[in-house]
Structure formats: C-alpha cells, structure tokens
1. Around Gly14, which amide H atoms from residues at least 5 apart in sequence, or from another chain, sit under 5 Å from its own amide H, with H modelled in the peptide plane?
2. Can you spot the lysines whose alpha carbon is less than 20 Å from Lys47's alpha carbon? Ignore those fewer than 8 places along the same chain.
3. At 1.306 mPa s and 10 °C, plugging the Kirkwood radius over alpha-carbon pairs of region 1-94 into Stokes-Einstein gives what diffusion coefficient in µm²/s?
4. Just to check I understand the Karplus step: with θ = phi - 60° and J = 6.51 cos²θ - 1.76 cosθ + 1.60, what whole-Hz values come out for region 144-158, glycine and proline as x?
5. For a test of the definition: using alpha carbon positions, the gyration tensor, and the 1.5 limit on a/c, classify the chain as rounded, prolate or oblate.
6. In the Gaussian network model of the chain, springs joining C-alpha atoms below 10 Å, which of Arg176, Arg130, Arg95 carries the largest mean-square fluctuation?
7. Phe200's amide H: which non-local residues (gap 5+, or another chain) put their own amide H closer than 5 Å, with H modeled 1.01 Å from N in plane and none for Pro or chain starts?
8. I'd like the FRET efficiency for Leu8 and Leu97, computed as 1/(1 + (r/R0)^6) with the beta carbon distance as r and R0 of 22 Å, rounded to 0.05.
Amino acid sequence: MTATSTPLYVVMLGAPGAGKGTQARMLSETLGLPQVSSGDIFRENLKNQTPLGLLAKQYMDNGALVPDDVTINMVMERLSRSDCAAGVILDGFPRTLAQADALDKALKAANLAISRVPLLEVSDDALINRLAGRRVCRDCQAMYHLEFNPPAVEGKCDKCGGELYLRADDNPDTVRNRLFVYYKQTAPLIGYYYAHGVLFSLNGDQPMEQVQAELLAAIQA
Ligand code: ADP
Ligand code: AMP
C-alpha cells in the first residue's frame, strides 16, 4: 500500500445477507475502485482446490469464521497489489476485532486510514429470506435474488450467461449459525468503527436502488 492522493478505504459492515456484496459491487463500478471480498477469494480458492480453499471449506461449511491469521495474510496480500493504491471497497473483511486491528495497523504504516464504514441494518427475518433466495453466478459472482432481483432467464446470469447456483452455506441451519457468529464476533466492530468516527448507518431494509442512492450520497458528501 502506498499513499498517493487520499485513497478511499470503505468497509461494508452488516450481517450475512444485509446487501454488502450487492452494494460493494455497485460502489466499485461507480467509483472505479476494486471490490475485495474475502468470501469471494475463499470461494475462488475452493473452486481451484488450493490448500487455502480446502482449509477454508472446513469453516465455511458450518458458517464459522476462517482463523484470523489465515484471513489477515490473504487479504493483506490482496491489498498490497497496485490496483488497490487508489482505494478499495472491502466486503466481508474485517469480521473480527483482530482483523480490524491488523487492517488499521497496515494502513497506518502507509499513512492511510479507513475512510467510511457503512452499516447496512436489516431485520433477521429479512436476512433469512434473502439468503434462502440468493443465487450467485459461478463465473462472474453477480448476485441475484429469486424474488427481489431475478435474472431475465431462470438459472442464467444476465451479465455473462454463467450458471446461477445456491451457495452451500445458504441453507437454513448454516445461516442460523452465521447469524450467531455475526452477532458474537463481528457486531463488536460497530462500536470499534463508531469510536473511530467513521461509522454511519443505512436502512438496508429498503429496495436496493434506494440503499444505493443513500450510500453513494453519504460516501460522496
Ligand atoms: P451480503 O453480501 O451482505 O451477504 P448480498 O449482497 O449477497 O448480501 O445480498 C443477499 C441477497 O439479498 C442477494 O440475493 C441479493 O440479491 C439480495 N438483496 C441485496 N440487497 C437487497 C435489498 N435492498 N432488497 C432486497 N434484496 C436484496
Ligand atoms: P461471505 O461470502 O462474506 O458470506 O463469507 C462466506 C464465509 O467465508 C464465511 O461464513 C466465513 O466462513 C468465510 N469468511 C469470509 N470472510 C471472512 C473473514 N473476514 N474472516 C473469517 N472468515 C471469513
């Protein structure tokens, strides 16, 4: 990471299904900054059957978090690449106080800091409904929802024609554990970023275009 003209570091915060990936992709396309999703990197590694992917699978399958040291090293390597020099939209990382601390230290060493942390607030009932209906493109990771954002042709990605699939960890039992893990291990980050003066809340229970408009307005203010 190198300091040029105040790079924008945004951390998307919210429970599983809150819309982090959906909004991160929109911000990434609008602002021309890379979207770095720790979950996507783990899934890509799993698809390629790398040792990292196989290790992560043991945790992902039951909705637990991959250990901090593994996750931190993986994301720091990604952030050190040149396309992140102007900033980045982080989606799914950090998820623990140890990860947030490691990120802050790495940014501080490069005279940088987190710019803004949008917290997407969504009720538990809506989260469960969103994850049950979520479908993801195998090829380009575009996100759909059977009811709220269906593809034009059933089972096919509008953007690249890839096959849409239901994530293995979007089944009701794993979702319940992921929500538990979120409240126990990730929710403390709300206080952490509030104390750092970078947190702001958004009502994520609105149509995605409305969330998008409010998010962009806040980031660009
Ligand atoms: P996260 O990355 O926080 O887990 P996603 O962005 O993958 O969440 O969204 C979860 C599911 O909910 C997806 O199927 C997505 O299409 C849908 N979704 C996202 N935002 C909204 C919204 N504002 N209203 C309704 N459905 C949404
Ligand atoms: P996501 O795609 O963000 O819903 O993440 C899917 C799964 O990947 C999680 O349930 C975890 O098992 C793992 N994972 C993703 N990001 C992290 C992280 N920052 N720390 C630990 N585990 C993670």
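Readers should treat all values here as calculations from the given coordinates under stated rules, not as data from a laboratory. What you are looking at is a predicted structure, and each value in this text was computed from that prediction instead of being measured. Note that we place each Cβ from the backbone using ideal geometry, even for glycine, and neighbour counts take in every protein chain shown.
1. Amide H neighbours of Gly14, under 5 Å, 5+ apart: Leu120.
2. The reachable lysines, counting only those whose Cα sits under 20 Å from Lys47, are Lys57, Lys156.
3. Details: Rh = 14.0 Å.
Here the translational diffusion coefficient equals 114 µm²/s.
4. Going residue by residue, I get 10, 9, 3, 9, 8, 7, x, x, 5, 10, 3, x, 10, 6, 5 Hz, with x marking Gly and Pro.
5. Numbers: a/c = 1.38, a/b = 1.24, b/c = 1.11.
Here the chain falls in the rounded category.
6. Arg176
7. For Phe200, the qualifying residues are Val117, Leu119.
8. Numbers: r = 23 Å, r/R0 = 1.04.
After rounding to 0.05, the efficiency reads 0.45.
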